[in-house]
Every structure is written in C-alpha cells, then in structure tokens.
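*Asks:* First the structure, then my questions, so here it is.
Every number in this text was worked out from the coordinates using simple rules, so none of it is lab data. Just so you know, these numbers come straight off a predicted model, no measurement behind them. Virtual Cβ from ideal backbone geometry, glycine too; neighbours counted across all protein chains shown.
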Amino acid sequence: MNNSFIIAGREYADNARTKGFWINLLMFPIILVASIKVPQLLEEKAIPTRDYILIDQSGELGDVVQLAVDRQYAAKVAEALSSYYMANAKGGVGNEIDLEKMPSGGLDGMMSDFLEQDPGALDSLMQPGAIDSAVAMMQFGLNDDAPEFVAPRRPFSKVDVPTGIISATELGTMDSGEIVSRLRPYLLGDKYLTTDENKLFAVIIIPQGAAAQVKRGGAAGMMQQLDEKDGVQFWAKNLADMSLSRAISSALNEHLRTNEYQRLGVDEEIVSQVKSTQMLFTSFDPSKDEGEEKVSMADTIRQFAPLGFVYMMWIAIFTVVNMLLNNTIEEKSNRIIEVLLSSATPWEIMSGKLIGIAGVGMTMMVGWVLSMIGVLMYMAGPQVEWAATLLEVISNSGLLPLFGLYYLCGYLIYSGLFLAIGSLCSTIKESQNFMGTATVILMVPLMTMVFVARDPNGTLAQVLTWIPLYTPFVMMNRAAADPPAFDMWGSAILMLVTIVTMLWVSSRIFRIGILRTGQPPKLVELFKSLTQSLKNQ
Amino acid sequence: MTALKLKNLVKRYGDFTAVSDLSLEVPTGSIYGFLGPNGAGKTTTIRMILDIVKPSSGDITILGADSAMDVRNRIGYLPEEKGLYKKMKAWAIIAYFARLKGMPSSEAKTRAFELLERYGLGDFANAKVETLSKGMGQKVQVLASIAHRPDFVILDEPFSGLDPSNQQVMEQVISDLNKEGATIIFSTHVMSHAERICDRILLIASAKKVFDGTVQEAKDLLPPRVRVTGDFSAAQLIELPSVNDCNIDEDGMLNIDISSGCTPQQLMSECFDAQLTLESFEYRQPDLHDVFLHLVGEEAKVATLR
C-alpha cells in the first residue's frame, strides 16, 4: 500500500505542476469577476446615449411617446438609487436581506409588479432636482465615506431634425416615406447628427390621423383593412435593442386604452383601481413546518442549488479523468509502465493513480471555492452580499456532504472507465476513437440536468437514477426534492456494486492492456483475454 | 549459489509461441548475456522473470522466491524501450523509482545526486528530463533502475542508442554493479559487448534456447579459422590433407576450414612443402559474432545443436 501513496504523490505533483491546472484554477475567479463586472462596465461605458428623432404630425401622441421615454429613464434612476443606498447604507443593508423572508420572485419581480400596477409611480423622480432631494433624504442613513451619487446616463435622448434637411413648415405635412428617405443616410450611419459623430438611432413618425389607426379585437378586427404606413412608425437599423420600441408601443397602447374607456364612458379612476386589484396568490411548500410553509427565495435557491452542484461535479470529474487518461497513455507510450510494473503491482499502480488524481480534483474544487470567497470579499456591493447569503443558504442546506459523496462515486466510476480506455490505447489519437462514444454517454447528465431539476421525482429522473453511470449526477440533482428512500438507497447500493465491479474489471483490463502495443484490441478479443485471465487466477 | 533458475519455461500468445521450453541457471554474482536475433523471445523471457507476464507453463525461482514480485525491492530493471516522465527532474525521477523499491525518501535523494555525479551527469541533476539528450536520458533511466542497490539487475538492451563513450560508461556501470556483488542479466545483439563483459551467455533463436554456457565454450563450438592469401587457388589448397574445405570470402581472401585434429602449424608446413607462396597467413579464434552467425544463421546447424 505504501507504493500506492508514493505513486499517488507523484501523480498529484505531476498534474498540479502543469500550466493547465493553474490556468484552470485561476480562470474560475477571473470569469467570476468578469461575469459580475463586465455587464456593469458595459452598461456604464459601452452603450452611448442613443439619439432619436420624434416627428409628431398628429399633435396628440408625441407627448405620450416622450413620457414613455422619460418614465423608462426614471425607472433606471430609481434602480440606481436603490442599489446606491444598499451599497453605502450604514451597517450594510445587504445583511438585512433575508432570503428566507423574500418572496420567490426576488427584487426584480417586486419592482416590475409595482410599475405594472402604477406606471406613473416614478413620475415625481422626473421633476427637476428630484434626484438631488432623494439623495439628500437618504444622506443620514449612509456611511460617512459614501461616494457621491452619480445619476445614470439617459439611454435615449430626443434630438431635432438636422438643419437644412426638412424645414419646420414642411415637417407637419410631409409624407412619411419622404421623411424617411431624407433621414435615411443618418439612420444608416452614413451621416452624423453632430460633430461628435453621434449616430441617429431611431426615427419615430406619427402621421396625421395615426391615433385613429386602432386595431380592434373580435370579429370586427378581422374585417379591418389597415395600412401600416398610416400608423405610428418606428425606424431603426439596430433591431437588437428593442427597449425603446417596446416602451413606446406599450405607452401608446396604455394611452389608447385610457381614451377608449373615456369614449365608452367608463370612469378612468375606476379603471385604474380595478387594474391594481390582485388576487391573493401564494406558493406553499407542504414539506415545511406549519407557519413557515410560504415558499421563500431561500427555498427557491435550495431547489436550484443542486443544479449548480451537478454542473460543478460534471466539470470537475471530466477535467480530472481526462488527466488520468492522458497520464496513463503517457506512461504506456513511454514504456515507463514496465518499470512501474517491476516495482509495484498493477493494483498499487492503479489505486495510486486514482488517489493522486482525486487529490488533484479536490485541490481544484477547494481552489474554486476559496477563490470564490476571495472574490466575494474583495468585491463589496449588493450582488456580492447576495452571493454571500446564497453561499450561506447552500452550506446550511445539507447538500454539501451529499455533493462530496456523489462526487467521489462519480469520480470512481468514470476513472475506472477512463483508466481502462487509457490502458488499451498507446496514443492519445487512438483514445479519441473511444472518447467519441464516451463523450456521448457523458453528455446525457448535462443535457437532462434541467429537466430532472424541474421534475425531480418524475419518470426521466427515476429512469436515469437506475443507470449507475448517471446515478451520481441525477441523485445529486434530486437531492433537494426528498427522493423516495427506495430510489436513494437502492441506487446507492447499485452504484457501489458498479464501482467495485468497474474498478475490478478495469484493473484486469489495466493488467492486460498496459503492456499491449499497437492497435487497441477488438471487443471480442478483449472479452477473450478477460475470461482467459480469470481462468488463470 | 543460483540467483535465478528457469525450468521448462513456455509462453504462448494464442497460436504463437514466444518462448519454448527454456531452462536456465544463473549463478549468483555472474554476468549473463542474453543474445539472440530480434523477436527471438529475449524480452518475453525477461518479462516472465520479472513476473510482469505470467508464463503459460514452467517454473521460475529468483533470489529464492517463486515470484519476482516477492523480492522486487532487490531487483533492478531497465526495459528495452526507454522512457521517462518528461516533466520530472533527473534526480527526482531516480529518487522516485528508488523509493518505489523501498528506499527511504531522504536516502533516495542523496543516492540520486551521488549517482548522477559519479556517472558524469552532476550538472544535469536539476534539469527536466525533456531537456536532456536521448543518451543522457537513457543514462538517467539506467541509474533509476539501479539506485536502490539491487542484488539482481536485468538490463534489456542497455547499449542501444548510446554513443561509444557512453557505451563505455554503461560497461563501467555493469562492472561496478558486479563488483558490489550483484547478479546481472543483460540482453543485447552487439556481440562485442557480450564478449567483453559476460561470464556466460544464453543464445535464443526462434523462441528456443540454442546455446547456454561460458563465452569460451561458445567459441569452442567453432574450429579456429585460418585466412590466407597467396599465389594459388582454392582448388590447390583443398588437396592438402589438413584442409577440410576452402572458399573465397568477400575480401578476396581464402577461408580455410581445418580438418579435425590438425593444427595451423601443420597447415603452414604443408603449404611450404607444396611450394605454395603465402603472402599472408591469419589465424584466429572465432569470436562471438562468428558463433552467433554460425548458430542462428543456419537452421540446420541449430537443429543438430539442440
């Protein structure tokens, strides 16, 4: 057994010394930081304020459109103000976020619910000086060293038609087609609006009588013959950024409906009251104690945490078993294996490799977790407080020991498989043939991951549970959903039996394959030599 | 004392017989050469001795044990195809294999540096194996296989791939080991090495033992050879009583097979009597190369020798 540890030590040192290992270890926090920071930076820097031209020939809808754009900005300011407060509040507001109490939709859900009910709620923020006074009101609750609040930039800004293109008198009556053809070079980016090279993002044309172009529902709507050119037109080359067109169209619809209520003699006040009514609807979890059955954010995290674990497990296992494969092939092609075999039994060599590489995998995962904690501590801010709370919820959920256990089982099953493949091939190229099939098998847990999480005790989950190759992944995935004891223990026993068989068979194959040269054997041949070696025992 | 005893050893792979009915005794402290053409079964025999490959039938006793695995810490092995972990340092790889053979970690390290120093690689002790030349790498591997001071050393083709000066170092290593009391088996197909170093040789061809004995015994298998040049033809020589046969070799010299019981002196005086003018007269003992070709090259003779 002593030799196993000497071999394990060498395997560990050899793999932990490679550049790939360190790149792998370092990439994780870098990606983590990048995934938090880059969207923030992009939001702040990359997307410029976009200019649009609004041509209102109807004299009616222009104000509606403008209000929609302003409200969109107000919502952004409100968001910025709240995260500014959360980041700089005395004692840190983040600690007060209690995921156990928060509704399962999260903060975003609360905000959008709120705005949907009352679109005008933030209108006060649009008043001049409103932002400053809001900041002033917060001031007493903020840390002394809080940085000054910087209001976000306007995403969209209204500009006038460039001089000399369309005269003011023409503007009111000109055909929309003509307007577009004159502004087309600006829209296409061939010409700039001002000297600072601002491109024209969009042109919104509201022709005369556009307000009458109303699509109706029901049978009457089917008979309608409407020309799109008579309605409100939104011209933009960039089709990806739909926030402006969406905001405008929903504001227009809102406006239209209000008018319709008036036309039909419905009291607007009543309508808005009716619109803000809601049924009391709450999700409950039958497995929780009385009085605490309400499904909270923490419950949702607990439900989805296994998904993260499955993914991490998958990556860790396959990084590591690939090391095992390459290592074995290196030893084979170098013929080092012969010297090893004269110094240690095949079982010692195999177990040494398994232990050493498992250590590499453990180091990698510990490294990931440590770097994640490091990053979280280094980067303060609302998202980080969130992530920290999330970590806490996960570590209290009892999933971690299960993760450790299922990782180990998964590792042993797949390392047995890959070790056998490695011992049968003399070059990496040869192993690629096997790898093709192996990869297809390996992809299954990843592809079914989401479906299993959604229906953890469903047919798919149950079927996959009883395939030992997938048991670790699927059972990890199901862990939060209290799978039936039969599934849990039964599959665990089957898995353990498989692991023992797998390691035993692969140690036989290892013995036979390790001194082979040339082409990997055919399946029949392999089976023959396996039974042969059994007879010799 | 017998360090290794093989008894009726057979190894079959399916229908193919790699080693057929091989018996051998290697005395303790001797240097034994395994000779034979490529594919004769040398490496298979060595692998069976080391218990890496199980024999189909037959018995092996090595250092008093039934399996080399039981005494593996007393055995050193250099395989035919050389290879090392590319990313490891020279000293570390030597120390690693010494530790696998039961040497304590600190002692293994000291020993590694000492060996590298002694055989001229002291400057490369901290170099990674991938930066070493092929010859140096091979030397490192040889040192790795003997670092644990084995009692029994098996070297499969230790000279292949080495330049003449390194071959000399290799010979030095072998004789040093032997002086320290180790029994050594090495395989080669370079006869001059075998002739210089070996006490005894085993000659295998087509999976079968062809010869087993001391170098002198092997040489005695062939009569002494006489080569002459002069103002006469092969036909004239054959008429002399002490000449059994005569033919012209590729150098244009006349190769004489002396009749049994005759001596070169007799031949020389017969030439003198027959008034054949000798320009050169060369008499030498056959070397292992001749024996090898004689035994392995001609199937008929192999059959009679068995």
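*Asks:* Can you give me the Cα centroid spacing of region A:197-246 and region B:204-267 in angstrom?
*Replies:* About 112 Å separates the Cα centre of region A:197-246 from the one of region B:204-267.
*Asks:* Now for a separate question. Compute the acute angle (0 to 90°) between the alpha-carbon long axis of helix B:164-179 and the principal axis of greatest extent of the alpha-carbon atoms of chain B; round to the nearest 10°.
*Replies:* Computed tilt is about 70 degrees.
*Asks:* So what are the radius of gyration and Dmax for the Cα set of region B:1-145, in Å?
*Replies:* 17.4, 51
*Asks:* What is the fewest-to-most order of A:Tyr84, B:Tyr32 by other Cβ atoms lying within 10 Å of their Cβ?
*Replies:* Sorted ascending by nearby Cβ count, the order is A:Tyr84, B:Tyr32.
*Asks:* Tell me, rounded to the nearest percent, the portion of alpha carbon pairs in the protein assembly as shown spaced more than 50 Å apart.
*Replies:* Roughly 50 percent, rounded to a whole number.
*Asks:* Something else about it: Sort the following peptides by mean Cβ neighbour count (other Cβ atoms within 10 Å, averaged over residues), highest first: A:19-28, B:218-227.
*Replies:* The packing order, highest mean first, is B:218-227, A:19-28.
*Asks:* If we count other beta carbons within 10 Å of each Cβ, what is the order of A:Tyr12, A:Tyr407, fewest first?
*Replies:* Least crowded to most crowded, the residues run A:Tyr12, A:Tyr407.
*Asks:* Follow-up question, since we're still on this one. What percent do you get for the relative contact order of chain B when only Cα pairs under 8 Å and 6+ apart count?
*Replies:* After rounding, I find 19 percent.
*Asks:* If packing is taken as the mean number of other Cβ atoms within 10 Å per residue, what is the order of A:418-424, B:148-154, A:161-167, highest first? Can you show the working numbers first?
*Replies:* On the way: A:418-424: 26.3, B:148-154: 22.0, A:161-167: 13.4.
Peptide ranking by packing, descending: A:418-424, B:148-154, A:161-167.
*Asks:* Here is a further query. Can you classify region B:177-306 as rounded, prolate or oblate using the Cα gyration tensor, where a ≥ b ≥ c are the square roots of its eigenvalues, rounded means a/c under 1.5, and otherwise it's prolate if a/b beats b/c and oblate if not? Write down the numbers at each step before the final one.
*Replies:* On the way: a/c = 2.73, a/b = 2.13, b/c = 1.29.
Prolate is the answer for region B:177-306, as a/c is 1.5 or above and a/b outweighs b/c.
*Asks:* Between helix B:264-273 and chain B, what is the angle of the helix's C-alpha long axis to the longest principal axis, kept within 0 to 90° and rounded to the nearest 10?
*Replies:* 20
*Asks:* Can you sort A:Thr282, B:Thr183, B:Thr44 so the residue with the fewest Cβ neighbours within 10 Å comes first? The partial results should precede the final answer.
*Replies:* Values: A:Thr282 9, B:Thr183 25, B:Thr44 22.
With the sparsest Cβ surroundings first, the list reads A:Thr282, B:Thr44, B:Thr183.
*Asks:* Sticking with this structure for a sec: Could you identify which residue out of B:Thr45, B:Thr188, B:Thr229 has the top mean-square fluctuation in a GNM of chain B using Cα springs shorter than 10 Å?
*Replies:* Taking springs between Cα atoms under 10 Å, the residue moving most is B:Thr229.
*Asks:* Then there's this: Once label points are set 7 Å from the Cα along Cα→Cβ at both A:Ser245 and B:Lys7, what is their separation, rounded to one decimal in nm?
*Replies:* 9.3
*Asks:* In addition: Can you list the chymotrypsin sites (Phe, Trp or Tyr not before Pro) in region A:129-217 that are in a DSSP coil and have 15 or fewer other beta carbons within 10 angstrom?
*Replies:* Answer by residue number: A:Tyr192.
*Asks:* Mean separation of Cα pairs under 8 Å and 6+ residues apart, divided by the residue count of region B:223-285: what relative contact order is that in percent?
*Replies:* Relative contact order of region B:223-285: 47 percent.
*Asks:* Separation of region A:144-159 and region B:61-133 by C-alpha centroid, Å?
*Replies:* 69
*Asks:* Note the angle between two axes, namely the Cα long axis of helix B:90-100 and the longest principal axis of the Cα atoms of chain B, as a number of degrees from 0 to 90, rounded to the nearest 10.
*Replies:* Long axis of B:90-100 versus the principal axis of chain B: about 80 degrees.
*Asks:* Is region A:130-252 rounded, prolate or oblate when judged by the Cα gyration tensor, a ≥ b ≥ c being the square roots of its eigenvalues, rounded requiring a/c under 1.5 and prolate requiring a/b larger than b/c?
*Replies:* Because a/c hits 1.5 or more and a/b fails to exceed b/c, region A:130-252 counts as oblate.
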